Amino acid sequence: MERKNKIGISFDASYFAQIFIHTAGAYLSKPINKTNNKYLANLGTVPPDERFGQLVLELENANSESERKKIISELKLIAEIDKTVEPIPLTFKDNVEDLKGYIVFEPTSAVEHYDLSLLDFISYNFDVFNDYLLFFINFFDYFIDKLDDKDIKYIELDTLYPVKEIIEIAKKYYDKEKGNLIYYQNLFKKCINFVYSIDNPFDMKYLTHKQIFFLYNQLYQDTFAKIKRDFHSTDLLDYQYNDFPIRKELIELVDINVLISTIEKIDPTGRKLNSLQQFETTNLFTSFYITLFNVVAVNKMHIKICGNCGRYFITHKETVTYCDRITKDNMTCKDIGNKEYQKRKKENDTTYDKYRKIGSRKQLRAKRNPEIDMYQKDLEEYRKTGKQMYKDVCSGKISNKEFAKWVNEQDK
């Protein structure tokens, strides 16, 4: 493969959508059809295999149709061809070392909304070899400059390689690259934790995410100093609509009234018009910084850590606790979290019943003594604290024992 790792990235804030163009690997359980050989029209391109190669030669030299059919049948048994197979990206639920198929590296244009590549990167645990393998395959751009001449020449785009071969190549660079990956991962984690109050002791609830990001860069000016300049812009300084119904090349001056009515119809408020930010870089971490730079400007979005898998995710609801990633059991973390929530809620019903009975007594006391402000304030504080504690015990933030202890202390 040529040592060329140009990464393209663009962000559309109006749709909260990012286009991420890079080189990535995908998994195939079986080879796919990529050959023009008339005899192999229903077979797929497979990686070097001694027996397969011998059969191909025999097929080319076969003297009869029956002999060809026999050889093709044997080839099918080896390759297990299925033309319907499509390459699929690998995710956290996949154990790479257990896979028996193939990896193919291709230029990839991913349209990302909530599943930002940046969040996957900071969610990897590089002390776990499988997470490193996922990074090696999904973010191959990083390794294009790292592989030795033998390995970079061996790996070609649009070519199938047995998973075990890719694992062996990736393993050669694990010890050398692990520390560097963790270093950059921590740079982004520290900033994100600060901006989104994941690990931030300061009260900045009246600042926007963009303002906090600005503050962070003033406090830690060297953090992103190098990587945030390693790009060039390909913007055209032109406004556009993502879904304008009239093709640009068909527009003429005589159509001005049609254009006016069309714009009024699709965008009466003028808020859908945007200028797409487009950048190119050879530095994967710069592309992550560009993502972060754009995301913090959207104040309605929140980055959080999933209460089930412990990985970072983005949501437009600040109260959401679990992400939508699919687990090994084909359930999402949100599904698992909701089940656990209901389970804890059921377990906590006894304590909650007592909490409500105490609340009823406090309410009655406040009603009978309206002239005594202390009773009303006590009721309001009890309801406010109790409601939050019950919510926390159901979501697993505190134990039922802590909740019960607090309830018992209020029984006076």
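Filter region 373-396 down to the residues that are exposed (fewer than 14 other Cβ atoms within 10 Å of the Cβ) and touching a helix residue (DSSP H, G or I) at 6+ places or on another chain (Cβ under 8 Å) and list them by number. Of everything in region 373-396, just one residue is exposed (fewer than 14 other Cβ atoms within 10 Å of the Cβ) and touching a helix residue (DSSP H, G or I) at 6+ places or on another chain (Cβ under 8 Å), namely 385. In this structure, residue 14 does satisfy being closer than 30 Å to residue 239 by Cα, at pLDDT below 75 and either in contact with a strand residue (DSSP E or B) (Cβ under 7 Å, 6 or more places away or on another chain) or not in a loop (DSSP other than H, G, I, E, B) (or both). The condition (being closer than 19 Å to residue 124 by Cβ, more than 14 Å from the chain's Cα centre (by Cα), surrounded by 12 or more Cβ atoms within 10 Å (Cβ to Cβ) and of a type outside the set (Asp, Glu)) is satisfied by just one residue among 286, 351: 286. Quick one: in region 8-22, which of the residues that are surrounded by fewer than 22 Cβ atoms within 10 Å (Cβ to Cβ) and either β-branched (Val, Ile, Thr) or more than 20 Å from residue 289 (Cα to Cα) (or both) is nearest to the chain's Cα centre (by Cα)? Taking the candidates together, the pick is 19. Exactly one of these conditions fails for residue 164: (1) over 29 Å from residue 191 (Cα atoms); (2) of a type outside the set (Phe, Trp, Tyr); (3) not in a helix (DSSP H, G or I). Give me its number. Evaluating residue 164 over (1) over 29 Å from residue 191 (Cα atoms); (2) of a type outside the set (Phe, Trp, Tyr); (3) not in a helix (DSSP H, G or I) leaves (3) as the failure.
Per this entry, residue 211 is counted among residues that are farther than 24 Å from residue 281 by Cβ and part of a helix (DSSP H, G or I). Among the residues of region 360-412, write down those that are under 41 Å from the mean Cα position of the chain (by Cα) and over 28 Å from residue 310 (Cα atoms). Those that are under 41 Å from the mean Cα position of the chain (by Cα) and over 28 Å from residue 310 (Cα atoms): 381, 382, 383, 384, 405, 406, 407.
The values are calculated or read from the model by the stated rules, or taken from the named source; none is laboratory data. What you are looking at is a predicted structure, and each value in this text was computed from that prediction instead of being measured. Positions of Cβ are generated from backbone atoms using ideal geometry, with glycine treated the same way; all protein chains shown enter the neighbour counts.
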